[in-house]
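Asks: Structure incoming, see below.
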């Protein structure tokens, strides 16, 4: 694996500590210790869940592209998956900040940007892994 990608993978693993602390924040909300409305609780929960799943998916993508022997360019597509692990949860969290919002704010655009980045990155990762497999056959 490219050394820079190795560093990115290590940094991604460290972000799980932040995701864990977000879990304790959600516990405080669930226990009623922090006053938030239903929309905020739902979006915070969704943001937390997406962060964890997308970090793991990004790390798996990095490992899979590396193990398949794809070109480094295809391995870099995995960074897009990790970027979506910032954008999508960011859209969930930032769009419901403030006192008692009734609907998501403009920051919801981060979520949709993250969805596009995730789809494009997964397409590139998948094509790269398939190409490496086809190449290994011949």
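Asks: To the nearest µm²/s, what D does Stokes-Einstein give for the chain at 20 °C and 1.002 mPa s, using the Kirkwood radius over alpha carbon pairs as Rh?
Replies: Estimated diffusion coefficient is 133 µm²/s.
Asks: I need the Debye-formula profile for the range 57-138: one equal scatterer per C-alpha, no solvent, reported as log10 I(q)/I(0) at q = 0.13, 0.18, 0.19, 0.25 1/Å, two decimals.
Replies: -0.47, -0.70, -0.74, -1.01
Asks: Can you give me the angle between helix 108-137 and the longest principal axis of the chain, using Cα atoms only, in degrees from 0 to 90, rounded to the nearest 10?
Replies: 20
Asks: Suppose only helical runs count, i.e. DSSP H with n ≥ 4. What mean residue ellipticity at 222 nm does that imply for the chain under -39500 (n - 2.57) per run, divided by all residues and rounded to the nearest 500 deg cm²/dmol?
Replies: It comes out at -28000 deg cm²/dmol, rounded to the nearest 500.
Asks: Which of these, 115, 53, 125, has the largest mean-square fluctuation under a Gaussian network model of the chain (Cα springs below 10 Å)?
Replies: Evaluated over the chain, the most mobile residue of the options is 53.
Asks: How high is the relative contact order of the range 51-138, in percent, with contacts defined as C-alpha pairs under 8 Å that are six or more residues apart?
Replies: With pairs under 8 Å counted, the relative contact order is 35 percent.
Asks: Along the Cα→Cβ direction, 7 angstrom out, place labels at residue 28 and residue 14. What is the inter-label distance in nm?
Replies: For the pair residue 28/residue 14, the computed spacing is 2.4 nm.
Asks: How much length is gained if the chain between residue 120 and residue 4 is pulled fully straight, taking 0.36 nm per residue apart and subtracting their Cα-Cα distance, in nm to one decimal?
Replies: Fully extending the segment from residue 120 to residue 4 adds 39.6 nm.
Asks: What's the center-to-center distance, using Cα atoms, between the range 59-130 and the range 17-52 in Å?
Replies: Answer, in whole Å: 20.
Asks: I'd like the orientation of helix 77-94 relative to the chain: the angle between its Cα long axis and the longest Cα principal axis, in ° from 0 to 90, rounded to 10.
Replies: 10
Asks: Compute the helix-to-body angle for 3-30: its Cα long axis versus the longest principal axis of the chain, expressed 0 to 90° and rounded to tens.
Replies: Once rounded, one gets 20 degrees.
Asks: At a 10 Å Cβ-Cβ cut-off, how would you order 57, 26, fewest neighbours first?
Replies: 26, 57
A short reminder: the numbers here are calculations on the coordinates, not readings from a lab. Bear in mind the structure is a predicted one, so any value in this text is a computation, not a measurement. We place every Cβ from the backbone using ideal geometry, glycine too, and count neighbours over all the protein chains shown.
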